[in-house]
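Notes for the one structure printed next.
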Amino acid sequence: MKGSLVQKSGKYYAVFRVNGKQKWVNLQIPTAKGNKRKAEQALQEVLLKYSNDDYIDNDMMFIDFLDMYIEQVKPLIKPSTWEGYNKVVNGKIKPYFKDKAYKLKDLKGRHFTEYFVYLKECGKSNGKGGLGKKAILNIRGVLSSAFNYALENDLIKYNFIERSRMPIFEAKEFTPTIYNAEQIKTLLSYAEETKSKACLFLYLEMFTGCRKGELLALTWDNVDLENGTIHICQNRTGSKKEILEHLTTPKTKNGIRTMSLPPKVIDMLKAEKVEQAENRRLLGDYYKVYDYDYVIRQADGSIYNPNSINRIIRKMTDKIGLPPCRVHDYRHAVASLLFESGTPLADVTIQLGHGQTSTTERIYIHRSNVAKAENAQALANAIGI
């Protein structure tokens, strides 16, 4: 990079071009006699700084960048993902960095190493205690996505998160709540007896192992009542605060699958279709209509917010004394029941829509205590003890 010294208003200036644009930098050296050599040395230092591959001629504040990112990325990601990003940016990242006045170009990996340590020690919103590893990794992921976006737009030279470190955490194993066959039967019976709004959803979930979003996205044109099958080809994502009709493809390419259902569930689907037609006739213009003809909906035609399904089911399990269980954990239960009933692992993988059998076996197959005891006895018999 080449540049020159220019005298102006009694001061030396470095004049050079950056990205095709002329730039003037005040060297803060008076044009007095004997200062030219000092100014020439300062010129070379400035030229070296601006020619450095890591240098970005950008005075954008980090906080302003976050606001720009969260606004510009909104149409590019799923609504539920954006809502999570927005919550992290405004609830966790900006409160910490707002008083530090960092410019985007001045950030270093160590700034975020310090931030992650802070989150571990006192990152809770009420200031009482720190965040766990999973929560910090989530925040780290949002930051990494933001800086990848900055990279794509030539705002920075590298992703600062890649040069940061996480604090050390003691290993903790998460164990999902897995209902056994008797518990599932109890829940389904109660849902049916009380005519729960989530009854059809629960039956479909327990006899398919589908993801929640896949069932909420199921439409009548993908239900074959004559042959007793449903075709899973889309997933519904949405905001936790509002109901959004946003359909995407399933999580993996193997998520597109056709699944058979037992006669009882097919009969329930037939009854639901008749009931929806009657509700549409009775309510007329008051019946909620969408771009897609959804299977899982309320009496007035409204579709469910994904979280409302969770709340409805949680109230039922509390009422009948079943342990708290995430809706997603029903997939674990279905996988485990199929496997222990003798279904080949490859078939369980297809049922769940996984890309690899290793995912099914590693995460979703949970051997019951009875099965574990049988294994132990089989080994004892083989060894002869």
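Distance between the C-alpha centers of region 331-360 and region 119-195? Whole Å please.
25 Å
Once amide H atoms are placed 1.01 Å from N in the peptide plane, what residues at a sequence separation of 5 or more from Tyr12, or on another chain, have their amide H within under 5 Å of its amide H?
The answer is Leu27, Gln28, Ile29, Thr31.
Take peptides 205-216, 84-95 and line them up by average Cβ neighbours within 10 Å, highest first, as a rough protection proxy.
Answer by packing, highest mean first, reads 205-216, 84-95.
What nm value, rounded to one decimal, do you get for the distance between Met1 and Arg280 when each label is placed 7 Å out toward the C-beta?
6.6 nm
At a Förster distance of 41 Å, what's the computed FRET efficiency of Asp267 paired with Lys105, Cβ-Cβ distance as r, to 0.05?
With R0 = 41 Å, the Cβ-Cβ based efficiency is 0.05.
So, R0 is 22 Å and r is the distance between the beta-carbons of Lys134 and Lys78; what FRET efficiency does that work out to, to 0.05?
E between Lys134 and Lys78, to the nearest 0.05, is 0.65.
Between Thr177 and Ser144, what FRET efficiency comes out of the Förster formula 1/(1 + (r/R0)^6) with R0 = 35 Å and r the beta carbon distance, rounded to 0.05?
0.65
Could you name the lysines whose alpha carbon sits less than 23 Å from that of Lys195, not counting residues in the same chain fewer than 8 places away?
Lys185, Lys212, Lys264, Lys270, Lys273, Lys288, Lys315, Lys319
Lysines near Lys87 by alpha-carbon distance under 19 Å, same-chain residues fewer than 8 away left out - which ones?
The qualifying lysines are Lys74, Lys78, Lys98, Lys120, Lys124, Lys133, Lys134, Lys240, Lys241.
What number, in percent, do you get for the relative contact order of the chain if the mean sequence gap of Cα pairs under 8 Å and at least 6 apart is divided by its residue count?
12 percent
Tell me which lysines have Cα within less than 20 Å of Lys105's Cα, excluding those fewer than 8 residues away on the same chain?
Within reach: Lys21, Lys23, Lys49, Lys94, Lys157.
No value in this document is a laboratory result; all are computed from the given coordinates. Because the structure is predicted, anything quoted here is derived from the model rather than measured. Because the Cβ atoms are built from the backbone with ideal geometry, glycine has one as well, and the counts that use them run over all protein chains shown.
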